[in-house]
Amino acid sequence: MLEETLVLFKNIRNPEYDKSLAGYKKSGGFKSLKKVFGMKPEDVVQEVKESGIRGRGGAGFPTGLKWSFMAKDTGKPSYLVANADESEPGTCKDRELMLKDPHLFLEGLMIGSYAIGCHHAYVYVRGEYFPSIKTLNSAVDELYADGLLGPNPLGSGFQLDITIHTGAGAYICGEESALLDSLEGKRGHPRVKPPFPAVSGFNACPTSVNNVETLACMPFILSDGGAEAFKSFGPQNNSGTHLVSLSGHVNRPGVYELRMDVNMKDIIYDIGGGIRNGKKLKGVIPGGSSSPVMTADEVDVLYNFDDLAKKGTMMGSAAMMVFDEDTDVVKLLHRITRFYAHESCGQCTPCREGTHWSRQIVRDFLSGNGSDEKLKLLNRVGGNMMGTTLCALGDAAAMPIQSFVKKFPDEFRKYYAIA
Amino acid sequence: MPVFQIDGEPVEYEPGEKVLSAALRSGKMIPHYCYHPGMSVVATCRMCLVDVIDMGNGRPAPKLQTACSMDATEGMKVETLNQKVEEGRKLVNEFLLVNHPLDCPICDQSGECTLQDYAFEYGSGKSEMDYSKRVNGWRDIGTFVALERNRCIQCSRCDRFTREITGTNEFGMFNRGHELTVDTYADRPMTNKFQGNMADICPVGAITEKEFRFKRRVWKLKKNHSICTGCSTGCNITIEHDRNEVFRLKPVENQNVNKWWLCDEGRLTYRLMNERKMRIHQPLGRVDGSLAGISWEEAYSAIAERVSELAPEPQAVLALTDTQASNEELFLLQKLLKDVFAADNVFCPLPKWEQSESDFFINTLITSDKTPNRAGALALQIQGDEKNERLTKTIENDLKVVFVLGNPFAADLDVQQKIKQAQLVVHLGVFYNAWSEIADVVLPGQYYSEKVGTYTNKQQRVQSTEIAVQPLRRTRPEWQILAELSQRLGQKNSFENVPQVFTAIAGETAAFSGLNFEKIAGLGIELTKKIKDNGKKIVSVQT
């Protein structure tokens, strides 16, 4: 029987855990921060590099490397921004962390700030997460009251402020440069890269944008022997435990903390308790709505970045959406294309026009007007969005379209017009 | 300068420059919509896709890159014509046409629309889009321009224009996804004085000039380079006309003067080029107390006769001019008085004027001096001062012969009353005005769109105009009238065209020495020795 490996959820799975500052301290909190304040910032970055942690937001970029790219000696302040705008459909892991163990995440944020020399960190929280915003705000207040934030926490001579900023409900603001624009008070439009945020980010200063879960791993990584232990939780290049948001037609949906060397099949049938009502599995969207879909035959694979990439899909933000044999795949694709057509920021041509056009085509199928030509057209419109846009949203919209057409062509035939 | 390659040809670039900017500067065309050299790079239209086969380090770029945002590097090799690029352009064009109405026959931009051009050049020629298109509708957004949002391709040039060029921020993007539109904030009309530029930079027919809409198809327009004479900035323009009627003025890029821009006030001066009611159509002479049409020959001989009868002393001769006149006209007027009458009583009004200073360059285009050639008059040492003190003294003399060029001292009734007493008043002008009323002989001149002339702008840059439209049949350019008059009054000169007059100016005056008419054509040349202008006052403008 597959079980969870508790690193991030160590406190959350403890029924007696009190999420206040006192409770967090009692369960061993802020030990890592104290240790980090005794280290040089470069050594902290080095330690994070050694742990091999990859960003949990979706792209899987090594966090240590990201921090080491931060422009130095620019005469400008550096910023750390926590991306808590968890908006990829299916993903709900950051909410768990912020809501049930805010101090773990905030300690990680403080460690990250120390590592990159940031004196004012921001948390960009998704606007709809009202309870999380409330929890985070009170947690930050507790930290200020305790002297852990502000000037000279733990006698370190380091100064740090944290601001909780709420978004206004746009999916695109989860893209790091659009997030920074939004944080600056502008329209959330992705920026032209380069320059990358590490050179010119928030207010044109060097900025690192990191996912909540990534930062929440820091207290463990920086604890004694943490980096080595973290590495051992998964195969090479895919280290650590991660939070899997399991949803869809399984018996026990939820957020689970798993190692990276776990088989996807086991996640569905052991952790998730199998398919609801004893039905058969039809397919899985493995990493949030933007990842290419997998059929039931393909799920026998290790659930981590590299193994899924080998299968032609991606782990993304580790949001598994499972659907059973009764699911209408065309309706599912319509729901996804509708989402991207609604959430495209509209600034660049292929995504603005392509997301809407593909939605129109899928809708046409649903009203019974499908044909071979339209299926080909749908595939072509999706392909034309791929790799031609300014940010990754175009790709995100294109990948489900292309994979659905490729893997479930028969489902679309049901909607062909009767000649 | 360092060099990289486009399609195998070397292209120079400045360090930090982007591929598209360097390509355009060297005359290499890469299709684009959202890029404008005067504004920030957003890389959103995705039309300027190029294939970077070598990034300067021997490796190719993984996918097509937008030339507008790609830094040029030494040894870089870029291809703009291969199949991959063509396919990329084709798909971008297809996407742009998904929601763009195909109403070219009734669209005013048709003929100068980059979407039309590129669709023709790179598009596939057919559409697979068979759903209804997005409809956003027409908006009245300002005094000078109208917005047809259906035609918008969301390149955001207009949005960036009000943010980065005028700083007025009254225009922006609304909604998102395929519903993204441009509009003014809070439904208010725009108030900036440079709205016409938004019509210029709009690559499609979304923003069009109200003045020009539905008047003429653009491919019928003939274009001539000229200088806007609406104020002393001297913006470079093209006069666009058809069948001898001027339809609009468009700015021409001149980095030293107006960059890419032109103010709305300047654009509206095209109306004066078509003005016929107020024009003087033929020479007029005073017969029995009222003005009547006469021939040029009659006019000249009448003037010559009167002048020899009066045989005036130098101090009894006076010439007044405004600073609308070109350098040549001012010079010849001065020369006429000097050669024929040995007089130097040439006066022009030189009131104080204000030059605005601003963080936004475009605000400095508008000055309070609404004449094009104040600096030219100063360079030619035409007399005048803020309060016209010397003039008031001079007109106390017993005046015999007075020449008036244009409409100087239009509001100064005292001067006009005094000059009315003179024995002979000759008015040279384009438009009928108070001076024509009191003149004994009126000689019809030509507007600047009808003749060649050079003007010295506020930066003391000498720039020239071209003949754009046919002049009225019985008018003559003022420089020619002045040259002929001086011949009739006994002087020998052989000025047959403006370049000859200009050569004489360059030979005889210190300020213009060393200048050459051929070199002025195009972007103009600044005077080497700057003239001091005491009437200039700098005011700072906030937007």
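Worth pointing out:
- Rounded to the nearest whole Hz, the Karplus-based 3J(HN,Hα) values (6.51 cos²θ - 1.76 cosθ + 1.60, θ = phi - 60°) of region A:273-283 follow the sequence x, x, 6, 4, 6, x, 6, 9, 6, 9, x, with x at glycine and proline.
- Computed over chain A, relative contact order equals 16 percent, with contacts defined as Cα pairs under 8 Å that lie 6+ residues apart.
- Amide H contacts under 5 Å for A:V250: A:R276, restricted to partners 5 or more places along the chain or on a different chain, H placed in the peptide plane at 1.01 Å from N.
- Shape box of chain A [Cα atoms, principal axes, largest first, Å]: 79, 48, 36
- What the phi angles of region B:120-137 give under the Karplus curve with 6.51, -1.76 and 1.60, with θ = phi - 60°, is a coupling list of 5, 7, 10, x, 8, x, 9, 10, 9, 7, 10, 10, 5, 8, 5, 10, 10, x Hz, glycine and proline written as x.
- Where GluC sites (Glu not before Pro) fall in DSSP loop in region B:189-288, at most 13 other Cβ within 10 Å: B:E253, B:E275
- Across region A:329-413, the mean sequence separation of Cα contacts (distance under 8 Å, 6 or more residues apart), normalised by length, yields a relative contact order of 35 percent.
- Fraction of beta bridges assigned by DSSP in the protein assembly as shown that are antiparallel (%, nearest 5): 55
- With R₀ set to 22 Å, the beta-carbon distance separating B:W296 from B:N433 gives a calculated FRET efficiency near 0.60.
- Under 15 Å from the A:D410 label point (7 Å along Cα→beta-carbon), backbone N, region A:269-285: A:280-283
- Estimated FRET transfer efficiency when R0 is 60 angstrom, pair A:D261-B:E245 (beta carbons, to 0.05): 0.15
- Whole-percent pair-distance distribution, where bins are 5 Å wide, for the alpha carbons of region A:21-231: 1, 8, 16, 22, 22, 18, 10, 3, 0, 0
- Relative to one another, the C-alpha centroids of region B:490-543 and region B:392-469 are positioned 19 Å apart.
- Computed from the alpha carbon atoms alone, the convex hull of region A:241-324 holds 70 Å³ per residue.
- Whole-Å distance, taken between Cα centres, linking region A:107-135 and region B:25-97: 38
- Debye intensity ratio I(q)/I(0), log10, region A:329-413, q values 0.13, 0.15, 0.17 Å⁻¹ (C-alpha model): -0.33, -0.44, -0.57
- With 0.36 nm allotted per residue and the present C-alpha distance subtracted, the A:E228-A:R338 stretch has 35.2 nm of extension available.
- Taken over the protein assembly as shown, the ratio of Cα radius of gyration to 2.2 N^0.38 Å equals 1.24.
- Peptide B:142-154 - average C-beta neighbours from other chains (10 Å radius): 1
- Stokes-Einstein diffusion coefficient of region B:135-274, Kirkwood radius over Cα pairs, 4 °C, 1.567 mPa s, in µm²/s: 83
- Pairwise label distance in nanometres, B:Q417 with B:D140, each label 7 Å out on the Cα-Cβ vector: 4.7
- Normalising the average separation of contacting C-alpha pairs (under 8 angstrom, six or more residues apart) by the number of residues puts the relative contact order of region A:241-324 at 36 percent.
- Between B:R59 and A:A417, the modelled label-to-label distance comes to 4.9 nm, taking each label 7 Å out from Cα in the direction of the beta carbon.
- Violating pairs (Cα-Cα greater than 25 angstrom) within the set B:K18/B:K458; A:K193/B:K126; A:K25/A:K76; A:K93/A:K134; A:K311/A:K407: B:K18/B:K458; A:K193/B:K126; A:K25/A:K76
- Global size of region B:3-81 as Cα Rg and Dmax, reported in angstrom: 11.2, 32
- Cut-off 20 Å (backbone N to label point 7 Å along Cα→Cβ of B:S308), residues of region B:381-406: B:400-402
- Per DSSP, loop trypsin sites (Lys or Arg not before Pro) in region A:201-301 with at most 13 further Cβ within 10 Å: A:K280
- Counting neighbouring beta carbons within 10 Å and listing from fewest to most, the residues A:E257, A:E298 come out as A:E298, A:E257.
- Backbone N atoms of region B:26-69 closer than 17 Å to the 7 Å Cα→Cβ label point of B:L523 belong to residues B:26-28, B:37-38.
- Amide H contacts of B:V404 (H built 1.01 Å from N, under 5 Å, at least 5 apart or other chain): B:L320, B:V426, B:H427, B:L428
- Amide H to amide H, with H built 1.01 Å from N, A:L160 comes under 5 Å of A:G150, A:N152, counting only residues 5 or more places away or on other chains.
- Remark: spin-label model distance A:K331-B:E496 equals 9.0 nm, labels positioned 7 Å along the Cα→Cβ axis.
- Volume of the Cα convex hull of region B:50-94, divided per residue and given in Å³: 66
- Were the residues from B:K220 through B:F360 laid out at 0.36 nm apart, the gain over their Cα-Cα distance would be 46.9 nm.
- Shown is the FRET efficiency for A:E128 and B:Q542, computed with R0 = 41 Å from the Cβ-Cβ distance and rounded to the nearest 0.05: 0.55.
- Per-selection Kirkwood Rh - chain B (Cα, Å, 1 d.p.): 26.2
- Counting Cβ atoms of other protein chains within 10 Å of each Cβ in B:174-184 and taking the mean gives 5.
- Between B:Y185 and B:S110, the contour length at 0.36 nm per residue exceeds the alpha carbon distance by 24.2 nm.
- Test item: A:351-360 mean partner chain Cβ contacts at 10 Å: 6
- Backbone HN-Hα couplings from phi across region B:337-349 [Karplus 6.51/-1.76/1.60, Hz, Gly and Pro as x]: 5, 5, 6, 7, 10, 6, 10, 10, 7, 9, 10, 9, x
Coordinate-derived values only; no laboratory data. Note that the structure is predicted; figures quoted are calculated from it, not measured. Don't worry about glycine lacking a Cβ; one is built from the backbone with ideal geometry, like all the others, and counts go over all protein chains shown.
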